[in-house]
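The values are calculated or read from the model by the stated rules, or taken from the named source; none is laboratory data. None of the values given here were measured: they were computed from a predicted structure. Cβ coordinates were reconstructed from backbone atoms using ideal geometry, including for glycine residues, and neighbour counts include every protein chain displayed.
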């Protein structure tokens, strides 16, 4: 297996004519959160190789606040297919200030951009943009219409469910109706969770995140943090985050996770003792 490149070497290799060297460069930047890589990665979202474009967008999205402003600037002046992977990167930042740009992009000439835009509005819980999402139900592209159904399901409001039901009534396609039924079921489940006061957070299996640590540590941290944010009663995500934050010398985040875990497991003496002891050793 080839050794990973330094930041400087990877930035230079992203411009190499050899696709294998550009792939190595991308792999070398997967766990990096340095502002110097933002612009080279933005350029890499236009690479002729689809795998490189996707990985560059994924890394940028996982950088979050550090990259979001530069991504917005580039997205606003890009056109056509060049916007697709920038749109994906913006969606992955999960920053609500990108919502206006996605609203505008639901009218983009490129169907791929429209698809990501409407999907993002659902994931970002842009409830004030219900009309914008609903408009996409009449899009000429089938994928955009399905993304609109998914977005309405993510909003999980009485109004969004009513729109899904109306769209289901007006279509004969069986697969479309199945997508509508799935979105309604998801929305109703989310409504119940909201009514019970639970945080609405989509989590992926721990085994998947553990594997993700090997290839994309930033993404793994983000996924573990979803468990913490929703205060789920599984101790493994809290433990893994503590280990990762200790390894990266991130004292403040380790303390935050430990204090949250102590609150969550206050009634579970066995689990509680682990986190109390770890926090005590830190102070």
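Determine which single condition residue 100 fails, assuming it passes every other condition in (1) buried (at least 16 other Cβ atoms within 10 Å of the Cβ); (2) at pLDDT 95 or above; (3) in a helix (DSSP H, G or I).
Of (1) buried (at least 16 other Cβ atoms within 10 Å of the Cβ); (2) at pLDDT 95 or above; (3) in a helix (DSSP H, G or I), only one is false for residue 100: (1).
State whether one or more residues within the stretch 123-134 are out of contact with any helix residue (DSSP H, G or I) (no Cβ under 7 Å at 6 or more places or on another chain) and outside any helix (DSSP H, G or I).
No, there is no match, as no residue in the stretch 123-134 is out of contact with any helix residue (DSSP H, G or I) (no Cβ under 7 Å at 6 or more places or on another chain) and outside any helix (DSSP H, G or I).
Here are 214, 219: which of them is in the same structural domain as residue 230 (by TED's automatic domain parsing) and buried (at least 19 other Cβ atoms within 10 Å of the Cβ)?
219
Looking at the stretch 61-75, is at least one residue more than 26 Å from residue 223 (Cα to Cα) and either touching a strand residue (DSSP E or B) at 6+ places or on another chain (Cβ under 8 Å) or touching a residue at least 24 places away in the same chain (Cβ under 8 Å) (or both)?
Checked the stretch 61-75: at least one residue is more than 26 Å from residue 223 (Cα to Cα) and either touching a strand residue (DSSP E or B) at 6+ places or on another chain (Cβ under 8 Å) or touching a residue at least 24 places away in the same chain (Cβ under 8 Å) (or both).
For the stretch 108-124, indicate whether the set of residues that are free of Cβ contacts under 8 Å to residues at least 24 places away in the same chain and in the same structural domain as residue 60 (by TED's automatic domain parsing) is non-empty.
no
Could you please give the count of residues in the stretch 141-175 that are over 16 Å from residue 126 (Cα atoms) and either under 25 Å from the mean Cα position of the chain (by Cα) or free of Cβ contacts under 8 Å to residues at least 12 places away in the same chain (or both)?
The total comes to 16.
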